[in-house]
Every structure is written in C-alpha cells, then in structure tokens.
Amino acid sequence: MIAFFKLNWNNAARVQWEFGAPLPHAATPPTRTMTFADDNHLATFNGLTITNDVDGNMTWGPLTNNTLTSYSYDARNRLLNAGGLSYGYDALGNRTALTNGANVTKYVVNPNAKLSQVLMRVKAGVTNYYVYGLGLLYEADDSINTKTYHYDFRGSTVALTDGSGYVMDRIEYSAYGTTTYRSGTTDTPFLFNGIFGIQTDPMGCCTCGHDITIPTSADSLTLIRLASPVA
C-alpha cells in the first residue's frame with residue numbers, strides 16, 4: 001500500500017475527522033509565543049522583538065525553528081537573502097535560482113501557467129524534468145529514472161515511488177507545512193502542497209511563484225509572509 005485516506009463529513013459538508021494509513025508518527029508541536037502589531041505584522045517571537053522595514057517586509061525574525069535571522073530584499077520587495085540562502089528571480093518575479101553556500105540551483109519556470117510550474121531544475125550537474133497533469137505528476141532525469149508523486153487530499157506529497165512502483169520516500173506534515181517525519185533521501189523540493197507547485201527550500205520556506213512563506217509554528221498555525229513583490 002502506498003497511502004490510504006478516509007474522510008468523515010457532517011451534514012453541513014464539513015470534515016469531522018480524517019483517517020490515514022500508514023498511521024502517522026507522533027509529533028509534538030513546539031511551544032512558541034507570538035504577538036502581532038495592529039497591521040498584523042509579527043511583533044515579538046518568544047519575547048524577542050521582530051523588525052520590519054517601511055514596506056512591511058520582515059527584516060529580523062524567526063526561521064522554522066526558534067532561531068532568529070536577518071532577511072534582505074531588493075527594490076521590488078523580493079527576498080534576496082535569509083538563513084544562509086540567496087534567491088534569484090526573473091523579470092516576472094518567479095524564483096529561478098537558489099544559492100546555498102557553494103551550491104547553485106537553477107530553475108526553468110513555465111511563465112504561462114496559472115499555478116507555479118517548475119519545468120526543469122539543474123542542481124549539482126543533475127537535471128530534473130517535471131511533468132504535470134492536474135498538478136505535478138512525476139519527475140525524470142537524463143537517465144530516464146522516474147519518481148512519481150503521491151498526495152493527500154490537501155495536495156501534499158506523502159510518498160514517492162520509483163519506476164517499479166517501490167515506495168522510496170514517505171513524508172508527514174504539521175497542519176501548516178512543517179515536515180514532522182521523513183523517510184527516504186530523494187532530493188525533491190515539492191513537499192507540502194507540492195501538487196500545486198509549492199516548493200520547500202533548505203531553510204523550510206515554502207515558495208509559490210514570487211510568494212514566500214515560513215511555517216513558523218505548528219501549534220499556533222501561523223504563516224509569516226515575507227514579501228509580495230510588484231511585477
């Protein structure tokens with residue numbers, strides 16, 4: 001079995017509970033205390049002051065753990081640097097490059113898709129090609145090795161299988177995108193909501209087109225929006 005999900009609905013068509021198999025692993029959400037300003041900007045994080053620039057971009061704040069770091073932006077309010085990562089964009093604001101130390105990853109993006117679509121990723125000399133139907137279906141490399149994505153009803157990747165149907169990876173998440181369990185070592189950015197083209201980078205940020213968010217807290221279910229560039 002790759003994955004199985006069952007939902008129970010009430011008479012108002014609201015989900016009351018969800019059953020998933022294999023059974024999820026126990027995960028304890030971190031305890032974090034956050035306050036917000038009148039304009040909904042994050043003001044404090046575990047008692048530490050968060051700073052924002054005049055355009056509303058967070059310039060000093062948390063990563064996906066309790067560590068605070070600096071964030072820098074370009075003139076279009078696009079995130080440039082954070083947590084040791086650097087980002088590059090095309091003229092439409094789509095992320096086309098990610099630098100992590102000496103490693104540079106480049107992306108070829110479909111500019112005409114309604115949802116974010118990465119067509120190719122070049123990383124460490126390896127090119128991955130991504131094939132879409134109603135969302136991301138599978139990827140292939142130059143040696144015709146394929147990996148097929150399997151999703152829950154939210155569109156998050158819960159398993160990847162190879163060309164023979166063997167389960168290579170299993171992934172579980174908190175409600176808002178933090179990876180709580182991972183088996184397997186497949187290098188893929190398409191995890192939480194991956195069917196829609198959302199990528200999770202090494203820092204834990206979720207990227208969709210030119211929008212970048214951090215799932216900072218699984219217990220308070222808070223997403224921090226870093227930037228909203230104007231094309």
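Once every Cα of region 4-227 carries one equal point scatterer and solvent is ignored, give the base-10 log of I(q)/I(0) from the Debye formula at q = 0.08, 0.09, 0.14 Å⁻¹, two decimals. Listed by q, the Debye log ratios stand at -0.32, -0.40, -0.97.
Counted by neighbouring Cβ atoms within 10 Å, the residues S116, S72 run from fewest to most as S72, S116.
Exposure proxy shown here: for W17, W60, the number of other Cβ atoms within 10 Å sets the order, fewest to most, as W17, W60. Shape class for region 26-99: oblate, because the ratio a/c of the largest to smallest gyration tensor axis (alpha-carbon atoms, square roots of eigenvalues) is 1.5 or more and b/c is at least a/b.
Per-peptide packing, taken as the mean over residues of other Cβ atoms within 10 Å, places 36-42, 168-174 in the sequence 168-174, 36-42 from highest down.
Ordering of 187-200, 101-114 by packing is 187-200, 101-114, highest average first (other Cβ atoms within 10 Å, averaged per residue). Excluding same-chain neighbours fewer than eight residues apart, the lysines reachable from K123 by a Cα-Cα span under 27 Å are K106, K114, K147.
Among 125-135, 20-30, 175-185, 90-100, the peptide with the highest mean count of other Cβ atoms within 10 Å heads the list, and the full ranking is 90-100, 175-185, 125-135, 20-30.
Laboratory data are not the source of any read-out in this text; all were calculated from the coordinates shown. All values reported here derive from a predicted model rather than from experimental measurement. Glycine also receives a Cβ, built like all others from the backbone with ideal geometry; neighbour counts cover every protein chain displayed.
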